[in-house]
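Beneath this line is the structure, given in structure tokens, with notes to follow.
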Amino acid sequence: MMFATSLSADNLDISHTTLDIDGVVTESTSYSEVLDLEVNVPEPGGSVLVISTFSSKIGQGAREPGYWRLYDGSSSSLELSSYQTGTYDKGLVSLVHIFTGYEAGVKSIQLQHRAGHKDPLTTYGVNFIGIPLVTSGGSVLNYDLAQMTEPATVLMNEDPAPVMTAQIELPLLTEDNAMYIATSFNAKMSGDEAVTGTWQIEYKLEDS
């Protein structure tokens, strides 16, 4: 989960690319490229918020997960997975990550995938966006990134419980700026009973 807020009315140099419904197929259990995104980071450099949503499917008769990550050549997002059964079980996945410590200039960030057990995995219908957390006027945006180190568990019918918390110092909000909140995660049941899980993002303003 992550937050970012605008500090001025300067522009954000947002990059975006897509991949059609034909997609990219892999049978490898090692990561390979699905789609590359070039992001221009303005002076003085800083961090980049990357968001990707996409669909996936596996070969006929296969029953296994696919795995995805965002990768910039030296660091990567958390790995996310989607379990699928057969070509008609089509999963929708999203990935969110903040890459930090970039110098000003063009940076290449990849969406990558790998198969679970070498059955054909197809990633398609990709939306891929990069948002430098630096404005065209050189203002650096505030942000916080929280990542899970241990799974969070809740029992059926329990009251909603926080999974994780991120904190950020807000500038004075006006009609000319905004706060962005994005999250991506995996979830699983520990038993065989079919239930529906629900998630929500909440924010709370605290006095200084």
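The values are calculated or read from the model by the stated rules, or taken from the named source; none is laboratory data. Not measured: the values here are computed from a predicted model. Because the Cβ atoms are built from the backbone with ideal geometry, glycine has one as well, and the counts that use them run over all protein chains shown. What goes into the accessible areas is simple: the full protein's heavy atoms, side chains included, and nothing from ligands, DNA or RNA. Shrake-Rupley method; radii C 1.70, N 1.55, O 1.52, S 1.80 Å.
From the phi angles alone, apply the Karplus equation (6.51, -1.76, 1.60; θ = phi - 60°) to segment 11-16 and give each ³J(HN,Hα) in whole Hz, x where the residue is Gly or Pro.
7, 9, 8, 8, 10, 8
If each residue of separation counts as 0.36 nm, what is the full-extension length gain between Asp22 and Ser81 once their alpha-carbon separation is subtracted?
Length gained, Asp22 through Ser81: 19.2 nm.
On full extension of the chain, what length is gained from Asn11 through Gln200, given 0.36 nm per residue of separation minus the C-alpha to C-alpha distance?
So the extension gain works out to 65.1 nm.
Using 0.36 nm per residue, how much length does the chain from Glu169 to Glu103 gain when fully extended, once their Cα-Cα distance is taken away?
Contour length minus the Cα-Cα distance gives 21.4 nm.
Say a site is exposed when it is one of the GluC sites (Glu not before Pro), sits in a DSSP loop, and has at most 11 other Cβ atoms within 10 Å; what is then the longest site-free stretch of the chain?
Longest site-free region, per DSSP loop and neighbour criteria: 1-102.
Dipole magnitude of segment 18-57 about its Cα centre, charges +1 at Lys/Arg Cβ and -1 at Asp/Glu Cβ only, in debye to the nearest 20?
180 debye
For the chain, what % of the accessible area comes from carbon and sulfur atoms, probe 1.4 Å? Please report the intermediate quantities before stating the final value.
Numbers: 5870 of 12650 Å².
Summing carbon and sulfur atoms, their accessible area is 46 percent of the total for the chain.
Name the lysines eligible as straight-distance cross-link partners of Lys188: C-alpha to C-alpha under 25 Å, and not fewer than 8 places from it in the same chain.
Lys57, Lys90, Lys118
Quick one: if you take sqrt(5λ) for each eigenvalue of the C-alpha gyration tensor of segment 1-139, what semi-axes come out, biggest first, whole angstrom?
Values: eigenvalues 203, 34, 27 Å².
Semi-axes, largest first: 32, 13, 12 Å.
Excluding ligands, DNA and RNA, what is the solvent-accessible area per residue of the chain at a probe of 1.4 Å, expressed in Å²?
That works out to 61 Å² per residue.
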